[in-house]
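First the structure, in the form of structure tokens, and then the observations on it.
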Amino acid sequence: MSDPRFHKQPMSDERRISPAAARNVEPIISVLERWLPTHGTVLEVASGTGEHAVAFAKRFPNLDWQSSDVSPEALSSIAAWIEACPMENLAPPVRLDALDAMWPLERVDAILSINMVHICSWAASLGLLDGAARLLGSGAPLILYGPWSEQDVVTAPSNLAFDADLRRRNSEWGLRTAAAFTASAAERGLVLVERRAMPANNLMLLFRRI
């Protein structure tokens, strides 16, 4: 099965593109401007095509940007985007499986994950939290973006349809309940401190390591 994050055919090289990345990059940047540290290393988990990594590294030149993914298709695309748009603060991608007990980095100043937890198993979602607990120091942010299911909030019809489509593709995929994810994060010393509504019925969640 091809990576569901990629919706268009590849470009003339290994770069792939996602319409969603083009649509959400500026709204995400507007929040990251407030939530990211002013300096240090940001680990992007599940970087997808690599388009976001290039855009974020350009917008935040004082931050070192480390992209990653578990998919060989994604890693090839990320590397091609970095080759096409080289920047001193944009490192080559690393293979990262959230389920691994050891990640390729030992310490970072922030972790960002966009549209990951609904396109992976719940175990991998918990692996993301485990990794964040290991790598982040006190007060450092874990930032997530994507569609969520929330208690006492009516889920948009488009998100319900998206959830059904994901579950048809893979029974382990689907929108996560924000409350359940937040509770699992708290068990690992990651506290939800801010929730931001985003376009197209998405959310950004900011957790901080205590």
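The values are calculated or read from the model by the stated rules, or taken from the named source; none is laboratory data. All figures in this text were calculated on a predicted structure; none of them were measured in a lab. As a convention, Cβ positions derive from the backbone with ideal geometry for all residues, glycine included, and neighbour counts pool all protein chains shown.
In table form, for the structure just shown:
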| item | result |
| --- | --- |
| Tabulated pairs, the stretch 72-87, first closer than 15 Å to Glu44 by Cβ, second surrounded by fewer than 21 Cβ atoms within 10 Å (Cβ to Cβ) and at pLDDT 95 or above, C-beta under 7 angstrom, 6+ apart or interchain | Leu75/Arg95; Ala79/Pro92; Ile82/Pro92; Met87/Lys58 |
| Test: Gly189 is among the small types (Gly, Ala, Ser), surrounded by 16 or more Cβ atoms within 10 Å (Cβ to Cβ) and either farther than 22 Å from Thr49 by Cβ or modelled with pLDDT of 95 or more (or both) | no |
| First in the stretch 26-44 and over 13 Å from Tyr145 (Cβ atoms), second anywhere and modelled with pLDDT of 95 or more and polar (S, T, N, Q), Cβ under 8 Å, 6 or more apart | Thr38/Asn62; His39/Asn62; Thr41/Gln66; Val42/Gln66; Leu43/Gln66; Leu43/Ser68 |
| Matching residues in the stretch 50-95 - criterion: being in a helix (DSSP H, G or I) and either in contact with a Cys (Cβ under 6 Å, 6 or more places away or on another chain) or acidic (Asp, Glu) (or both) | Glu51, Val54, Glu73, Glu83 |
| Positions within the stretch 164-189 being closer than 14 Å to Cys120 by Cβ, charged (D, E, K, R) and in a helix (DSSP H, G or I), in sequence order | Arg167, Arg169 |
| Within the stretch 148-186, considering residues that are of a type in the set (Gly, Ala, Ser) and in contact (Cβ under 8 Å) with a residue 24 or more places away in the chain, the one surrounded by the fewest Cβ atoms within 10 Å (Cβ to Cβ) | Ser158 |
| Criterion: in contact with a helix residue (DSSP H, G or I) (Cβ under 9 Å, 6 or more places away or on another chain) and under 19 Å from Ala178 (Cα atoms) - qualifying residue of Leu129, Leu90, Leu105, Leu99 | Leu129 |
| Qualifying residues in the stretch 17-49 (those that are of a type in the set (S, T, N, Q) and assigned to a helix (DSSP H, G or I)) - the one nearest to the chain's Cα centre (by Cα) | Asn24 |
| Some residue of the stretch 65-72 being buried (at least 24 other Cβ atoms within 10 Å of the Cβ), small (Gly, Ala, Ser) and in contact with a helix residue (DSSP H, G or I) (Cβ under 8 Å, 6 or more places away or on another chain) | yes |
